[in-house]
Amino acid sequence: MKKNLTMKDIAKLAGVSQPTISRVINGNPTVDPKVRALVEQIILDQGFKPNSSAKTLRSNSSKIIGVILFDLSNYYYLEMIKSVEKAARKNEYTVIILNSEGDKLLEKDHILNLQAKNVEGIIIAPVAEENLEFLKKKNENFIIIDSIVSDYPCIYTSLFQGGRIATEYLYNLNHKKIGFIGANKKNIKLLGIKKFFSEKNLIFENEWFVETDTTNSNLENLSLKLDSIKDFPTAFITSNDVIALNLIKELEKKGLSSSKDITILSFDDTIISTALNITSIKHPVNLMMEYAIEYLLNGNKKLIHKVLDPILIKRT
């Protein structure tokens, strides 16, 4: 088995001191260019990798950002992972991704584990406010994404505006009966939908709201809930793409086509809505993660509530 080389070994091969090797690795500009070139070539030839744990202890900097997300079974959060990794990498940071699965106890365990790893900041799509209070009391460098929580730093898409934009788009396609499938009646997207109805002096019928667990990809009761609607909508807005996919399946069972009979508009604009070829409300995820990383790396302790504009991606 090949021995793992140390900086001492590299120093011996290069004929220089160990501190010189350290200065080369850390990009110190005072190193003689010829010495730097020699050391870098030896490092390349030997496949040497600096001990990041040791560097962390010396510099008190882990160069790691922790990310705790709500539900990794949702493609939307997978898009987040791609974006946050890219934003962190641009700043020469790595990320640790953890899935809370909507469980506040698991979320707390993840926070403790990240603290033990000395991460330099935490990005969190939270489950429980009590865990946010814990982070605040511990003076952790953290920011909330995708949620509006008073008294904590947040970056989020305006879902209220998203609901309104979605409804306006369908209204302009001559839809007056527009249903919504999502979480509870206080859902911000639903409030945006109702706001547009109010502006047009239209009535949003209570039965057009189909409440469902947005994290449940099976949506077992969806068929029964759709059957209970007496005045069936001509269009549906779904809280995410997974619901849209399941809705299309249920409509097909009833002999209805999403391309001819019922128009469907979803939120999140993941690969699912692309494959289904349906119009979707997109979160500016790349921008969200760039702002989140920037906030953490600046060590900014100011209370911010940064609102991003939703984007309508037209496909039908």
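Got a number for carbon plus sulfur as a percent of the chain's accessible area, 1.4 Å probe? Looking at the chain in its full context, I get 49 percent from C and S. Most simply put, the stretch 91-219 has about 0% antiparallel DSSP beta bridges, counting only bridges with both residues inside it.
For the chain, the solvent-accessible area with a 1.4 angstrom probe is 54 square angstrom per residue.
A simple packing score, the average count of other Cβ atoms within 10 Å per residue, orders the peptides 202-209, 248-255 as 202-209, 248-255, with the highest score first. With coordinates expressed along the principal axes, the C-alpha atoms belonging to the stretch 156-255 extend over 34, 32, 21 Å, beginning with the largest. For Tyr75, the shell of other residues with beta-carbons less than 13 Å away shows a net charge of -3, using +1 for Lys and Arg and -1 for Asp and Glu. According to the Kirkwood relation over distinct C-alpha pairs, the hydrodynamic radius of the stretch 65-169 is 14.5 Å. Take each peptide in 30-36, 165-171, 241-247, count the other Cβ atoms within 10 Å of every residue, and average; sorted highest first, the result is 241-247, 165-171, 30-36. Each peptide in 109-115, 261-267 receives the mean, over its residues, of other Cβ atoms within 10 Å, and ordering these scores from highest gives 261-267, 109-115. In the chain, the calculated helix contribution to ellipticity at 222 nm averages -13000 deg cm²/dmol per residue, counting -39,500 (n - 2.57) for every DSSP H run with n ≥ 4. Considering all C-alpha pairs of the stretch 231-310, those separated by over 14 Å amount to 67%.
Using the Cα coordinates of the stretch 92-249, the gyration tensor eigenvalues translate into equivalent-ellipsoid semi-axes of 36, 18, 13 Å, sorted from longest to shortest. Candidates Leu72, Ser239, Ile193 compared by Cα position along the dipole of the chain: farthest toward the positive end lies Leu72, with charges placed on Cβ.
Note on the stretch 214-316: with charges restricted to the Cβ of Lys and Arg (+1) and Asp and Glu (-1), its dipole about the Cα centre is near 140 debye. For the chain, take the longest principal axis of its alpha carbons; what is the angle in degrees between that and the long axis of helix 241-253, to the nearest 10 within 0 to 90? The answer is roughly 40 degrees. Counting only DSSP beta bridges whose two residues both lie in the chain, roughly 10 percent are antiparallel.
Among Asn113, Ala87, Gly163, pick out the residue whose Cα is farthest towards the positive end of the charge dipole of the stretch 87-213, where Lys and Arg carry +1 and Asp and Glu carry -1 on C-beta, about the Cα centre. Final value for the positive-end residue is Gly163.
When the inverse distances between all different Cα atoms of the chain are averaged and flipped, the Kirkwood radius reads 22.5 angstrom.
The values are calculated or read from the model by the stated rules, or taken from the named source; none is laboratory data. Nothing here was measured: the structure is a model prediction, and the numbers come from that model. Methodologically, a virtual Cβ is constructed for each residue, glycine included, from the backbone with ideal geometry; neighbour enumeration extends over all protein chains shown. With ligands, DNA and RNA removed, areas are computed over all heavy atoms of the protein, side chains included. Shrake-Rupley method; radii C 1.70, N 1.55, O 1.52, S 1.80 Å.
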